[in-house]
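A.B. asks: After the structure tokens below, expect a handful of questions from me.
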Amino acid sequence: MKGWKISPIRILQELHIHIPPGVPGICAYFGFYEVYNPKPGEMVYVSAASGAIGQLVGQFAKLMGCYVVGSAGSEEKVYFPDGIDIYFENVGGKMLDAVLVNMRLRGRIAVCGMVSQYNLDQREGVKNLMCLIQKRIRMEGFVVYDYYDEYYSKFLQTLLRYVKEGKITYVRHCSRP
């Protein structure tokens, strides 16, 4: 079919239909291991932790030896006296604002989604961006295919080993229209 273009995401979806977490697993893996560069003992906060990506980020962080806190609700849950080293951003808006003031010096934020903003007519602004400068925080957005060519085989080896060893569990919810 000459002239047809297929999106990289669609190709990934087709290729990974039988890998337990599919494309969300790839996103969680790349975001956690490649964007964050985590170290054992670091404080990791995951928003939308019960979602397709968040549930895996939390498990990867625990397996790495990090202290993990996840939320599946409001910004009131975002208070850490000792601060956050790593934040996996799935929500945006008020949640991101609340997390920024709780980040530690030289913290890292990987942004793969902002679910609170998708259906708004006017997107919310973020007020605490000065924290990026004051705390020297690195915040990076990414999409799955940014890392696909270089890290896909590493992802497969790691994920399949964890699944086989029973170290990763995954809840998939499918609904049909």
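The values are calculated or read from the model by the stated rules, or taken from the named source; none is laboratory data. Small disclaimer: the values here were computed from a predicted structure and weren't measured. For neighbour counting, all protein chains shown are included, and Cβ atoms are generated from backbone atoms with ideal geometry for every residue, glycine included. For the accessible areas, the whole protein counts, side chains as well, though only heavy atoms, and no ligand, DNA or RNA atoms are used. Shrake-Rupley method; radii C 1.70, N 1.55, O 1.52, S 1.80 Å.
A.B. asks: Rolling a 1.4 angstrom probe over the protein chains, ignoring ligands and nucleic acids, what is the accessible area of E124 in square angstrom, nearest 10?
C.D. replies: Only protein atoms counted, so the area is about 80 Å².
A.B. asks: Which is farthest toward the positive dipole end of the stretch 107-177 among L132, V143, Q117, measuring Cα position about the Cα centre, with Cβ charges +1 (Lys, Arg) and -1 (Asp, Glu)?
C.D. replies: L132
A.B. asks: Counting only heavy atoms of protein chains, what accessible area per residue, in Å², does the stretch 49-160 have with a probe of 1.4 Å?
C.D. replies: 55
A.B. asks: What full-extension length gain, to one decimal in nm, is calculated for E140 and L63 as 0.36 nm per residue of separation minus the Cα-Cα distance?
C.D. replies: 25.4 nm
A.B. asks: How much length, in nm to one decimal, is gained on full extension between L156 and A72, taken as 0.36 nm per residue of separation minus their Cα-Cα distance?
C.D. replies: Extra length from L156 to A72 when fully extended: 27.5 nm.
A.B. asks: Sticking with this one: Can you give me the % of accessible surface on the stretch 32-157 that is carbon or sulfur? Probe 1.4 Å, all protein chains present, nothing else counted.
C.D. replies: About 52 percent, which is the carbon plus sulfur part of the accessible surface.
A.B. asks: For G141, enumerate residues with amide H under 5 Å from its amide H, sequence gap 5+ or separate chain, H modeled in the peptide plane.
C.D. replies: Amide H to amide H, under 5 Å and 5 or more residues apart or across chains, G141 pairs with V111.
A.B. asks: Filter the cross-link list K39/K127; K94/K167; K135/K167; K94/K154; K39/K154 down to pairs whose alpha-carbon distance in this structure exceeds 24 Å.
C.D. replies: Working: K39/K127 29 Å; K94/K167 33 Å; K135/K167 34 Å; K94/K154 35 Å; K39/K154 18 Å.
Over 24 Å Cα-Cα: K39/K127; K94/K167; K135/K167; K94/K154.
A.B. asks: Mind listing the phi-derived Karplus ³J(HN,Hα) values for the stretch 93-108, rounded to whole Hz, using 6.51, -1.76 and 1.60 with θ = phi - 60°, and x for any glycine or proline?
C.D. replies: x, 4, 5, 4, 4, 5, 5, 3, 6, 9, 6, 7, 4, 6, x, 10
A.B. asks: Please report the net charge: other residues with Cβ closer than 14 Å to the Cβ of A110, K and R +1, D and E -1. Numbers along the way, then the final one.
C.D. replies: Numbers: positive: R108, R138; negative: E34, E42, D85, E89, E140, D146.
Cβ neighbours under 14 Å give a net charge of -4.
A.B. asks: Which chymotrypsin sites (Phe, Trp or Tyr not before Pro) in the stretch 71-152 pass both tests, a DSSP loop state and at most 11 other beta-carbon atoms within 10 Å?
C.D. replies: Values: sites: Y79, Y87, F88, Y118, F142, Y145, Y147, Y148, Y151, Y152; in loops: Y79, Y118, F142, Y147.
Passing both the DSSP loop test and the Cβ count: Y79, Y118.
A.B. asks: Just to be sure I understand the model, the point goes 7 Å from the Cα along the line to the Cβ. What's the resulting R106 to N128 distance in nm?
C.D. replies: According to this spin-label approximation, the distance is 2.2 nm.
A.B. asks: Using DSSP to call loops (not H, G, I, E or B), can you name the trypsin sites (Lys or Arg not before Pro) in the stretch 21-125 whose Cβ has at most 14 other Cβ atoms within 10 angstrom?
C.D. replies: Values: sites: K62, K77, K94, R104, R106, R108, R123; in loops: R123.
The qualifying sites are R123.
A.B. asks: I want the local charge near Y162. Using Cβ-Cβ distances under 14 Å, sum +1 for each Lys or Arg and -1 for each Asp or Glu among the other residues.
C.D. replies: Around Y162, the surrounding residues sum to +4.
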